[in-house]
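Worksheet: the structure to be examined is printed underneath.
The values are calculated or read from the model by the stated rules, or taken from the named source; none is laboratory data. Just so it is clear, the structure is predicted and the values come from calculations on it, not from any experiment. Ideal geometry is used to build each Cβ from the backbone, glycine not excepted, and the neighbour counts take in all protein chains shown. Accessible surface areas use protein heavy atoms only, side chains included; no ligands, DNA or RNA. Shrake-Rupley method; radii C 1.70, N 1.55, O 1.52, S 1.80 Å.
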Amino acid sequence: MQTLINYTLYLADNALILAQRNAEWCGHGPILEQDIALTNISLDLLGQSRSFYQYAAQLINAEHPSAMPATEDSLAYLRDVFAFRNILMNELPNGDWGQTVLRQFFFSAYQFPLFERMKHSSDATLAAIAEKSLKEVTYHLRWSSEWVIRLGDGTEESHSRMEKALDELWTYTGEIFEPAPYEKAAVEAGFGVDATSLKDAWMERVSNILQEATLTVPAPRWMQTGGKEGKHSEHLGFVLAEMQFLQRAYPNATW
Amino acid sequence: MNINITKYYYGDIPEEKGGGNTAKTESTANWPLWEVFIRSKQGLDHKHVGSLHATDAAMAIENARDVYTRRMEGISIWVVESKYIHASSPDDAAAFYEPANDKVYRHPTFYDLPDELKHM
Amino acid sequence: MSVQELEKIFQQKIDQEIKIEPKDWMPEAYRKTLVRQISQHAHSEIIGMLPEGNWITRAPSLKRKAILLAKVQDEAGHGLYLYAATETLGTSREQTMDDLHSGKAKYSSIFNYPTLTWGDIGAIGWLVDGAAILNQVMLCRTSYGPYSRANIRICKEESFHQRQGFEILLVLSQGTPEQKAICQDAINRWWWPSLMMFGPKDGESTHSEQSTIWKIKRKSNDELRQQFVNMIAEQVKILGMTLPDADLKYNEQTKNYEFGEIDWNEFWNVVKGNGPCNKQRLDTRRKAHENGAWVRAAAEAHSAKRAARKQEQAKVA
């Protein structure tokens, strides 16, 4: 049970933190149409995180009955940095529009095969959330791929900005396929998806899109890890400080 | 009073503002304008819902999806660059539409038939 | 046809409630008035995203975050519909936005006030959107077709905005003493600026008379303001809160709420650019636009490259 809870929280945290980062763009996008588009993605990810948190809360409450039952909000708002399991990439500051769409592309290219497999999970709830989310992710992947291509193969400036973004983000992509203990246990228990098995499909898609974008796949390098096990960058603390401010300042209030 | 009698012959949008390959008067880039048509459900026509900016047709369709179907307004999208819409002129309204006014015999209500007649 | 005759036909159409469409002849002053008004309306939507957008990352629950994000996104959509309406009058979005960024164009002064607490998000939804909706419902019947259609779409989408704002305040008003204080404080700060949203008094509004003859506006500033006060003065009772106006009282005879004098000095000052956030709001907008320039240019360049390649392929074939 604890494995399922941890695994579900991992899926939830990934979605929430990226939703939070993408939401920072709302009102600041490069053109109205795309401001709206990125907000749609943020809303989808936020919705996914809520589905996962609600499920995790249900599992936690079944396992540890308490006078203060867990809720989607207690999980999002009352855990500290070390309890969050999201990958490091999702908590990084947005950078420019290029870096934001590249990160979205990397993440969607992971979520897509992940949910494709997870919709056959032995856990019916995970399977159902995966099936619903897959439709959203299909669009995110299309949208972000196109932006990566556009900016890579756009102007000189956009190309060099994308090279920089690629350099910035690449070191965080390895973590996606480095399974945490709860991921391994989830695979053994039969409901989880083996992250290592997604790597080839991810790499193939990423290579193809980068090639179309006239960008070069970076050479293998040291990969930053730790987020999945609660060892985060300094950025997450600030994300949480902002996000959790009201819940922390006014404990036990209803909003 | 300063009177503008410019008449436009391209859809809702003056030709020079239609974007695309037309010469730009401003220094800053302005993405071409597109008109969006949406089929709200299977069996109905596509209906004009508004416009937006995009650099090409593929992006215009996606922008239309993001801007105009957030509340389940549609299941199919058409886009066309505004400059390709050709429209009739209001000046022709009299010659175009008024001659239809006296053809009342085209309408079923014109025929005075007995009430007993059913299913017609 | 002479200009006088064209004008006569134009006014006849207006009088008969026939909508004016983009290709119809219209007096230049009508066109100019519309461009000014619609672009101000559009800018208000876009600038209006900022004070509320402030709180997206700090929304106190995931549900509230989703609602607020969707709502602020709606404002972007509304701005977009309205810019499209100005484009039917021959003014490009880029041009219209340049006027905003240069400070030439105005937007609703209400957005030059800061959002300090979560209560402000409730107050904006309830009071600011409430005031805007009254205006927009009226504008659904405006004489210019594209503007009328944009407002119809906006009103459809806005219907949840005011409700979510009131709900935020309702929850606060039933919460802890601190939450009640947040609620009252927000109402206190947003009440007067909301009343100012309807613009100067009827006698002092420069554009009103001609706009009414052209049926661009269909109700006067004071009429709408009174309608608003009557509505809010009743709704505030449900919250168990008060409006910060000692002169507010119901008049049995007129069936209207009478209210105190608006601080017009403050109003004109904020219009002139001296509001607490005028500079900050414009700077933020300008920055977003400038930071987006390379993105817009790249997307355009890419589409051009793609089109050229397609042509090249067609030649080879």
Accessible surface ranking that places the most exposed of C:His161, B:His86, A:His64 first, with a 1.4 angstrom probe: B:His86, A:His64, C:His161
For region A:1-107, go through all pairs of different Cα atoms, get the mean of 1/r, take its inverse, and jot down that Kirkwood value in Å. 14.6
Within region C:215-256, which GluC sites (Glu not before Pro) sit in a loop by DSSP and count at most 13 neighbouring Cβ atoms inside 10 Å? C:Glu252
Under a point-charge model restricted to the Cβ atoms of Lys and Arg (+1) and Asp and Glu (-1), what is the dipole moment magnitude of region C:163-308 relative to its Cα centre, in debye to the nearest 20? 1020
Tell me the accessible surface of C:Met231 in square angstrom (1.4 angstrom probe, heavy atoms of protein chains only), to the nearest ten. 50
Report, as an integer, the average count of C-beta atoms from other chains found within 10 Å of each Cβ along C:201-209. 0
Residue among C:Tyr30, C:Gly292, C:Ser44 farthest towards the positive dipole end of chain C, charges placed on Cβ: C:Gly292
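For region A:114-255, which whole-number percentage of the solvent-accessible area (1.4 Å probe, protein heavy atoms only) is attributable to carbon and sulfur atoms? List each step's numbers first, then the result.
Numbers: 3500 of 6980 Å².
Looking at region A:114-255 in its full context, I get 50 percent from C and S.
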How well do other chains shield peptide A:145-155, expressed as the mean number of their Cβ atoms within 10 Å of each residue Cβ? 5
For chain C, modelled as a Gaussian network with Cα springs under 10 Å, which listed residue fluctuates most, C:Gly275, C:Gly199, C:Gly175? C:Gly175
Report the FRET efficiency, 1/(1 + (r/R0)^6), for C:Lys104 and C:Leu6, where r is their Cβ-Cβ distance and R0 is 22 Å, rounded to 0.05. 0.15
Approximate spin-label separation B:Glu98-B:Trp78, in nm, with each point projected 7 Å along Cα-to-Cβ: 3.1
Modelled label-to-label distance, A:Ala201 and C:Gln280, 7 Å Cα→beta-carbon offset: nm? 4.7
Ignore the peptide's own chain and count Cβ atoms of other chains within 10 Å of each Cβ in A:36-46; give me the average, rounded. 5
Based on alpha-carbon positions alone, could you give the equivalent ellipsoid semi-axes of region A:2-249 from the gyration tensor, as √(5λ), descending, whole Å? 29, 20, 16
With springs only between Cα atoms under 10 Å, which of A:Arg79, A:Arg21, A:Arg221 fluctuates most in a Gaussian network model of chain A? A:Arg221
Shape verdict for region C:124-190, please, from the Cα gyration tensor: rounded (a/c under 1.5), prolate (a/b greater than b/c) or oblate. prolate
Using only the alpha carbons of the protein assembly as shown, what is the convex hull's orientation-averaged projected area in square nanometres? 40.3
Would you tell me the accessible area of C:Phe166, worked out with a 1.4 angstrom probe on the heavy atoms of the protein chains, in Å² to the nearest 10? 40
If you project the alpha carbons of region C:1-78 onto their three principal axes, what span does each projection cover, largest first, in Å? 63, 20, 17
Would you calculate the convex hull of the Cα atoms in region B:27-120 and tell me its volume per residue in Å³? 161
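Rounded to the nearest 20 Debye, what is the dipole magnitude of the protein assembly as shown about its Cα centre when Lys and Arg each give +1 and Asp and Glu each give -1 at the C-beta? Present the calculation step by step, with values, prior to reporting the outcome.
Values: 76 positive and 90 negative charges, 51 e Å.
Around 240 debye, computed over the protein assembly as shown.
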Mind checking the dipole of region A:3-105: about its Cα centre, +1 per Lys or Arg Cβ, -1 per Asp or Glu Cβ, Debye to the nearest 20? 200
Once both labels are modelled 7 Å past Cα along the beta-carbon direction, what's the C:Ile152-C:Ala246 spacing in nm? 4.9
Rounded, prolate or oblate: which one fits region C:83-157, using the alpha carbon gyration tensor with axes a ≥ b ≥ c (rounded when a/c is under 1.5, else prolate when a/b beats b/c, else oblate)? oblate
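Once you have the alpha carbon radius of gyration of region C:142-291, what is it after dividing by 2.2 N^0.38 Å, with N set to its residue count? Write down the numbers at each step before the final one.
Working: Rg = 18.1 Å, N = 150, 2.2 N^0.38 = 14.8 Å.
It is 1.23.
Efficiency by 1/(1 + (r/R0)^6): what FRET value for A:Glu212 and A:Glu131, r their Cβ-Cβ distance, R0 = 22 Å, to the nearest 0.05? Write out the running numbers ahead of the final one.
On the way: r = 29 Å, r/R0 = 1.32.
Here the calculated transfer efficiency is 0.15.
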For chain C, inverting the pair-averaged 1/r of distinct alpha-carbon atoms gives a Kirkwood value in Å of 21.4
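With a 10 Å radius around each residue's Cβ, average the other Cβ atoms per peptide and rank A:140-148, C:100-108, highest first.
Details: A:140-148: 22.1, C:100-108: 16.2.
Highest to lowest by the protection proxy: A:140-148, C:100-108.
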Surface accessible to a 1.4 Å probe, A:Ser74 within the full protein complex, Å²: 30
Potential lengthening between B:Ile61 and B:His86 on full extension [0.36 nm per residue; Cα-Cα distance subtracted]: 6.9 nm
